[in-house]
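Q: Here it is, the structure, as structure tokens.
The values are calculated or read from the model by the stated rules, or taken from the named source; none is laboratory data. Just so it is clear, the structure is predicted and the values come from calculations on it, not from any experiment. In this analysis, Cβ positions are derived from the backbone assuming ideal geometry, glycine residues included, and neighbour counts consider all displayed protein chains. Please note that ligands, DNA and RNA were not included when accessible areas were found on the heavy atoms of the full protein model with its side chains. Shrake-Rupley method; radii C 1.70, N 1.55, O 1.52, S 1.80 Å.
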Amino acid sequence: PEAEKPEAKPAEPAAPAAAPGSGLFDEAMMAQLNTVFGRMANPLILKLYLDERPVSAELKGYMEELAAVTEKLSVEVVTGADAAGVDAPCVRVCRADGSWSGLAFHGVPGGHEFTSFVLGLYNAAGPGQPLDEAVLTGIRAVAAKKDIKVLVSLACTMCPELVTAAQRLAAENENI
């Protein structure tokens, strides 16, 4: 189902921009992130599934710096048997009780996918972007388990909307 454009949504960060001495996020990015995180109703846990490759270390540093921006995000590295079966590197967005929201990113969400990642956090934490009641009812009516995987390209202009839509479905229905 096609989600209607939200009437009011948090500022959408584009891509992280490093500023000298300020880490990954410059002042403008920090203002946008603070707006989004300030509207999040519930805390989230970013569960990291890592391997020995440099991209895993990059994902870990990236998520730790993002979590340092707000008390509403925490980072947990999953190891051992609990990490079995998850393709690393991956970050799963989990609720405060540890349950998985259904949202996961494999690799480092950079470029225009950073916006999709931040919107996914907002939608998983609530209240999320507003949806038409009929669309929300349709999403919640999905009774069978569905597994949606979106492969993205940083050159694709459609990927961010598709990723955000898939995440919204998962955030609203535990079967997706």
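Q: I'd like the carbon and sulfur percentage of the solvent accessible area for the chain, probe radius 1.4 Å, heavy atoms only, ligands and nucleic acids excluded.
A: Of the solvent-accessible surface of the chain, carbon and sulfur hold 54 percent.
Q: Got a sec to turn the phi values of the stretch 85-90 into Karplus ³J(HN,Hα) couplings, 6.51 cos²θ - 1.76 cosθ + 1.60 with θ = phi - 60°, whole Hz, x for Gly and Pro?
A: With the stated coefficients, the stretch 85-90 comes to x, 9, 5, 8, x, 8 Hz.
Q: Next up: Over 10 Å intervals from 0, what percent of Cα-Cα pairs in the stretch 78-167 sits in each interval?
A: Pair shares across the bins are 14, 44, 34, 8, 0.
Q: Tell me whether the stretch 106-148 comes out rounded, prolate or oblate; compute the Cα gyration tensor, take square roots of the eigenvalues as a ≥ b ≥ c, and use a/c under 1.5 as the rounded threshold.
A: Here the stretch 106-148 falls in the oblate category.
Q: Mind ranking 64-74, 102-112 by how tightly packed they are, going by the mean number of other C-beta atoms within 10 angstrom, highest first?
A: My ranking of the peptides, most packed first, is 102-112, 64-74.
Q: Roughly what would the spin-label model give for residue 143 and residue 74, points 7 Å off Cα along C-beta, in nm?
A: Output for this residue pair reads 3.7 nm.
Q: Could you tell me whether the stretch 19-106 comes out rounded, prolate or oblate from its Cα gyration tensor? Rule is a ≥ b ≥ c as square roots of the eigenvalues, rounded for a/c under 1.5, then prolate if a/b exceeds b/c, otherwise oblate.
A: oblate
Q: Moving on to the next point. Using the Karplus curve 6.51 cos²θ - 1.76 cosθ + 1.60 with θ = phi - 60°, what ³J(HN,Hα) values do you get for each residue of the stretch 57-72, in whole Hz, with x for Gly and Pro?
A: Here the 3J(HN,Hα) series is 5, 5, 4, 4, x, 4, 5, 5, 5, 5, 5, 5, 6, 8, 6, 7 Hz.
Q: If you average 1/r over every pair of different alpha-carbon atoms in the stretch 52-97 and take one over that average, what Kirkwood value in Å do you get?
A: About 11.7 Å, per the Kirkwood formula over Cα pairs.
Q: Over the stretch 64-176, average the accessible area per residue using a 1.4 Å probe and give it in Å², no decimals.
A: Each residue of the stretch 64-176 exposes 51 Å² on average to a 1.4 Å probe.
Q: Give me the distance between the Cα centres of the stretch 65-99 and the stretch 119-176, rounded to whole Å.
A: A separation of 19 Å, based on Cα centres.
Q: Still on this structure, I have one more. Out of all DSSP beta bridges with both ends in the chain, state the antiparallel percent to the nearest 5.
A: On the way: 11 of 17 bridges.
Percentage antiparallel, nearest 5: 65.
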